[in-house]
Amino acid sequence: MKMKRGKAAGLDSITVEHLRFSHYMLYCVMCKLFNFMIHCSQVPDCFGMSYTVPIMKNNVNTNNKTITFDDFRGISISPVISKVFEHCVLERYCDYFTTSDNQFGFKKGMSCGHAIYTLRSAILRQLWCNCQRTLN
């Protein structure tokens, strides 16, 4: 239910709507499948298969210049069932997963702003140390 509707289908052509409006028995089958995958410590190879779609960046004004490769960002479209499995694993085992303090992207509560602040602070600290050494 956490997954947004209206998103593109993966290589398997299954969308979130297929799962949301399917028979309730599908949830039981998927639950058994996911538990079996966790028990065997294996996931199907197709869970890692995706395709990349170029999306134009928001700050691009197509009237002023020629569009280049740098004006796009890529998004990967993964199979919906693998996303459901990922949500299940994250919800069940999130307390056991840790990340590095140096990680900024794709981390809850962190953003590019945090990374930029850290970088600027480190640069200013280094400049300050260099100035202090020069004066001494």
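In this simple spin-label model, placing a label point 7 Å from the Cα along the Cα-to-Cβ direction at both Gln126 and Lys2 gives a separation of 3.7 nm. Output the 0 to 90 degree angle, nearest 10, between the alpha-carbon long axis of helix 112-135 and the longest principal axis computed from the alpha carbons of the chain. In the chain, helix 112-135 runs at an angle near 20 degrees to the longest axis. Each 5 Å bin, from zero up to the one with the longest distance, holds this percent of the alpha carbon pairs of the range 1-74: 3, 11, 14, 16, 17, 11, 9, 7, 6, 4, 2, 0.
Between the Cα long axis of helix 25-40 and the first principal axis of the chain there is an angle of about 60°, rounded to the nearest 10.
Of all aspartates and glutamates in the structure, those lying under 20 Å Cα to Cα from Lys7, and not within fewer than 8 positions of it along the same chain, are Glu17, Glu86. Remark: for residue pairs Lys32/Lys107; Lys57/Lys83; Lys4/Lys83, the C-alpha separation exceeds 23 Å in Lys32/Lys107; Lys57/Lys83. With a/c under 1.5 counting as rounded, go ahead and sort the chain into rounded, prolate or oblate using the C-alpha gyration tensor (a ≥ b ≥ c being the square roots of the eigenvalues; past the cut-off, prolate if a/b is larger than b/c, else oblate). In terms of gyration-tensor shape, oblate. Straightening the chain between Ala9 and Lys57 buys 15.1 nm, computed as 0.36 nm per residue apart minus the Cα-Cα spacing.
Taking amide H positions as modeled 1.01 Å from N, with prolines and chain starts lacking one, the residues under 5 Å from Phe72 and 5 or more places away or on another chain are Lys57. The label point for Ser76 and the one for Cys31, both projected 7 Å from the Cα toward the Cβ, are 3.0 nm apart.
Every read-out reported here was derived from the displayed coordinates using simple, explicitly stated rules and does not represent laboratory data. Everything numeric in this text was worked out from a predicted model, so none of it was measured. Here the Cβ is made from the backbone with ideal geometry for all residues, glycine too, and neighbour counts use every protein chain on show.
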